[in-house]
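Beneath this line is the structure, given in structure tokens, with notes to follow.
The values are calculated or read from the model by the stated rules, or taken from the named source; none is laboratory data. Owing to the predicted nature of the structure, the values given are computational and were not obtained by experimental measurement. Cβ coordinates were reconstructed from backbone atoms using ideal geometry, including for glycine residues, and neighbour counts include every protein chain displayed. All accessible areas refer to the heavy atoms of the entire protein, side chains included, with ligands and DNA or RNA removed. Shrake-Rupley method; radii C 1.70, N 1.55, O 1.52, S 1.80 Å.
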Amino acid sequence: MGDITLTMNGAAISGREGMTILEVARENGIDIPTLCYLKELTPIGACRLCVVEVEGSRMLVGSCHTPIAPGMVIQTHSPKVLEVRRVLIELMMASHPDSCIVCEAANCCELRMRATDLEVGLPRFRTRLRYFPLEDENSNIIRDMSKCILCRRCVTACYNTEGKKMFSLAYRGFESKVIYDLDKPVGSDETCRDCDTCISLCPTGALRQPIKFGQRKKGPVLYVKG
Amino acid sequence: MSKKDATKKTFDNILLTLEETQEKVGYLPAEFMVELADSLDVPVSDVYGVASFYSFLATRPPGRNVIRICKSLPCHLKDGQTIIDTIEKEIGVKPGRTTPDGRFSFELTNCIGLCDGAPAMLINHNVHVDLTPGKIASILDKYK
Amino acid sequence: MPQAKIVLKNCGIIDPKDINTYRTKDGFKALDKARGMTAAGVINEIKTSGLRGRGGAGFPCGVKWEGARNSPGDEKYVICNADEGEVGTFKDRYIIQNDPFSLVEGLAIAGYTVGARQGYIYLRAEYSYLLGLLRGAIDQAQEAGYLDGFNIAIRLGAGAYICGEESALMESIEGKRGESRYRPPFPTVAGLWQKPTTINNVETLMNVAQIVLNGGGWYAQMGTERSKGTKVFSVSGDVARPGVYEMVLGSPLRELVEGLAGAKDIKMIQIGGATGRIIPYDMIDTPLAFESYLGAGAITVYNKSRDVLDIVGRTMEFLAEESCGKCTPCRQGMEWMVEVLGRFHRGEGLARDIGYMEVLADTMALSSLCGLGQAAPFAVVDTLKYFRSDYEKGISGK
């Protein structure tokens, strides 16, 4: 009932009506990388990392927000798609500080993980860095917006899963920033519920908990290729 | 309190309310944004997010008259830079600034759709086209 | 032959402040006629006419209206996009200044056809001085009883080029940041406040009354295979007579630029503003049509004294400032383009960056969320094709 058949990477697969390309892919064990997507929540479509090739479409389409249709022919890992994803990662790193070696996110950083997966080398598209002072006054959250890649997960998650809305987007273009209040640092008086949701979802080291000694990092070892 | 309740109903559209306030007050004071957020039951960051997105919305008090001169290509080709320099000399402040007496704010803007009269500018809601350095002083004279 | 007046037929003839002068020129006859027809009948005429969107994308107007008409729901909206922000475009300003009534009539016909009781005109903030004129036209039409059962509200933008993009425009009417939405769902299914919505450019709506009055077949006689009717062009830059010109689609660019506007010593022409295409002088016999180049009809002419890198650099600066910043390729890519073009302009370019520009342009075109990001690299791509040596001269040490 409501089954839709389509072709993904040459194989015939099926999904149910209303599913997105990404959902069908994941159900079939195909890993399409994402950075802004959050399962069960309205797609954001901002990072563009999940783009795939759909036959008949001039552009690549965002798989996290495009519903499947009967007879779709999709390539999720064609050379064209992989090159675009590589450039997108490079663009995210273009204004990201080179502080991985001392960054709290370390080998739990999704941006690094995706970069490693896609074998991204030195970024070709270096731009000026987006510098913001560290916000470390609050006892539950430290924000280092210089590391933010504007995926908006924290904005969406806080609003949807916690019913609160700590953060919003402000400014536009390259100046865009996830802000708190009237673009103030998260101060010591902010009594967010310390639920950790946004911190655990941040794909970089932009959001973290204040350091507690003895804390251990969990995550797979990242091998640097080359 | 009752005043706040009375205005509550009209506050259903952030941008519209910001525009109305700017038209009345000249800019968007922080206290106003906080009040608007309260009445809409949205975080103030949402209100500031909208306010900071649009280039015609000001979160700091501008001068009594806002000069918006076009810096886009059609005006640039007609020597718009000379006009920009002339205004700068005339009012004594650089683009992006307000004169110390609060008479003028001076802003560079993207294409304002007056390319057939390039170089062109807007002062408040008024159009000034086919500008030459010689015309600037008398135009500015009209704005006190 | 190639100059024709359909859209601009009343401009300079009627008094834009007086509905009676419009009425003597068949004003509101098309609306009366449309209301005597079925919605399907009107859609059919528009489809027959071959009218395509005049804002740049060229989507068939009849198909758009049909889509919204057939979408389920009682609450539907029609929007007129009067947020022309493309660099070098001023035709919609000229139209509203001279004939706001045809626009109101066109929008009312759209409302009737789609089944919308509410229409919006989204006017860019830079045109705030047109507010009184436009409001006057709506009020007069209302008082004369032409807008019974249909309400038109004007929404003023607040200085954001991206709000000319239809999905960002709807976000803005909803009072939010003007950020693009992904599609599907398309506006005809879930648009303004998630209700079925059509969004038409000012010029598109200006054609509607004429088509309803004279028939789609009459309109389709003009133009080329896939570009019917006329197009209004805004010509500026290095020309003797900048201004607004209406031509039958398919007319040669040369006639417009050299003939009517009086350009000399042309180096290159930008068609469609900042997100438009750049072509060298030797392509000046290109026909103006959707099949070749058109955009929203902004024609910016550059003579031989102009510096290609300066022009491309300024084009990219404009787009970088106006990017909404939501998606990675547009937000980050534009910033890099601006920085790199600046280096080439100063003679500090790196040879490898020319190749990188091409790689980045591909990614932006393929993966950006909306039309702005997808079309943003055109000026770089085109000038790399036609004026590559200008870039090579900008390499450090050359």
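Summary of values
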{"item": "A:ILE30 under 14 Å from the mean Cα position of the chain (by Cα) and in a loop (DSSP other than H, G, I, E, B)", "result": "no"}
{"item": "Test for C:GLN210: is it at positive phi and of a type outside the set (Ser, Thr, Tyr)", "result": "no"}
{"item": "Qualifying residue in the range C:295-310 (condition: farther than 30 Å from C:GLY342 by Cα, at pLDDT 95 or above, more than 15 Å from the chain's Cα centre (by Cα) and open to solvent by 20 Å² or more (accessible area, probe 1.4 Å))", "result": "no"}
{"item": "Lone unmet requirement of (1) touching a residue at least 40 places away in the same chain (Cβ under 8 Å); (2) over 17 Å from A:ASP117 (Cα atoms); (3) hydrophobic (A, V, I, L, M, F, W, C) for A:ALA11", "result": "(1)"}
{"item": "Within the range A:122-145, tally of residues that are away from every other protein chain (no Cβ under 14 Å) and in contact with a His (Cβ under 8 Å, 6 or more places away or on another chain)", "result": "0"}
{"item": "Subset of the range A:44-60 that is over 9 Å from A:VAL84 (Cβ atoms) and within 7 Å of chain C (Cβ to nearest Cβ) - its residue that is surrounded by the fewest Cβ atoms within 10 Å (Cβ to Cβ)", "result": "A:MET59"}
{"item": "Some residue of the range C:121-140 being farther than 30 Å from B:LEU57 by Cα and open to solvent by 10 Å² or more (accessible area, probe 1.4 Å)", "result": "yes"}
{"item": "Criterion: among the aliphatic types (A, V, I, L, M) and either assigned to a loop (DSSP other than H, G, I, E, B) or surrounded by fewer than 16 Cβ atoms within 10 Å (Cβ to Cβ) (or both) - qualifying residue of B:ILE136, B:ILE87, B:ILE112", "result": "B:ILE112"}
{"item": "Contacts under 7 angstrom Cβ, first residue in the range B:27-53 being more than 9 Å from chain A (Cβ to nearest Cβ), partner among the hydroxyl-bearing types (Ser, Thr, Tyr) and open to solvent by less than 30 Å² (accessible area, probe 1.4 Å), 6 or more apart", "result": "B:LEU28/B:THR21; B:PHE32/B:THR21; B:LEU36/B:THR17"}
{"item": "Index of the failed condition, C:ARG183 passing every other in (1) without any contact (Cβ under 8 Å) to a residue 60 or more places away in the chain; (2) part of a strand (DSSP E or B); (3) charged (D, E, K, R)", "result": "(2)"}
{"item": "Search result, residues across the range B:33-78 that are more than 19 Å from A:PRO185 (Cα to Cα), of a type in the set (S, T, N, Q) and open to solvent by 20 Å² or more (accessible area, probe 1.4 Å)", "result": "B:SER55"}
{"item": "Count of residues meeting criterion [at the interface with chain A (Cβ under 9 Å from one of its Cβ atoms), touching a strand residue (DSSP E or B) at 6+ places or on another chain (Cβ under 9 Å) and in a helix (DSSP H, G or I)] in the range C:354-374", "result": "2"}
{"item": "Among the candidates C:ARG331, C:ARG314, residue that is of a type outside the set (Asp, Glu), at pLDDT 95 or above and open to solvent by 20 Å² or more (accessible area, probe 1.4 Å)", "result": "C:ARG314"}
{"item": "Residues (of a type in the set (Ser, Thr, Tyr), within 12 Å of another protein chain (Cβ to nearest Cβ) and open to solvent by 10 Å² or more (accessible area, probe 1.4 Å)) located in the range C:158-205", "result": "C:TYR161, C:TYR182"}
{"item": "Residue check for C:TYR94: within 14 Å of chain B (Cβ to nearest Cβ), touching a strand residue (DSSP E or B) at 6+ places or on another chain (Cβ under 8 Å) and not aliphatic (A, V, I, L, M)", "result": "yes"}
{"item": "Helices (runs of 4 or more DSSP H) contained entirely in the range C:71-145, each with at least 1 residues that are over 19 Å from the mean Cα position of the chain (by Cα)", "result": "C:100-114, C:131-143"}
{"item": "Checking C:VAL208 against (1) under 20 Å from B:LEU57 (Cα atoms); (2) over 13 Å from the mean Cα position of the chain (by Cα); (3) buried (at least 24 other Cβ atoms within 10 Å of the Cβ), the condition it does not meet", "result": "(1)"}
{"item": "Candidate set from the range A:158-180 (those that are in contact with a Cys (Cβ under 9 Å, 6 or more places away or on another chain) and within 14 Å of chain C (Cβ to nearest Cβ)); member that is modelled with the lowest pLDDT", "result": "A:LYS165"}
{"item": "Residue list for the range C:18-61, filter: of a type in the set (Gly, Ala, Ser), outside any helix (DSSP H, G or I) and farther than 23 Å from C:ASN98 by Cβ", "result": "C:GLY36, C:GLY50, C:ALA57, C:GLY58"}
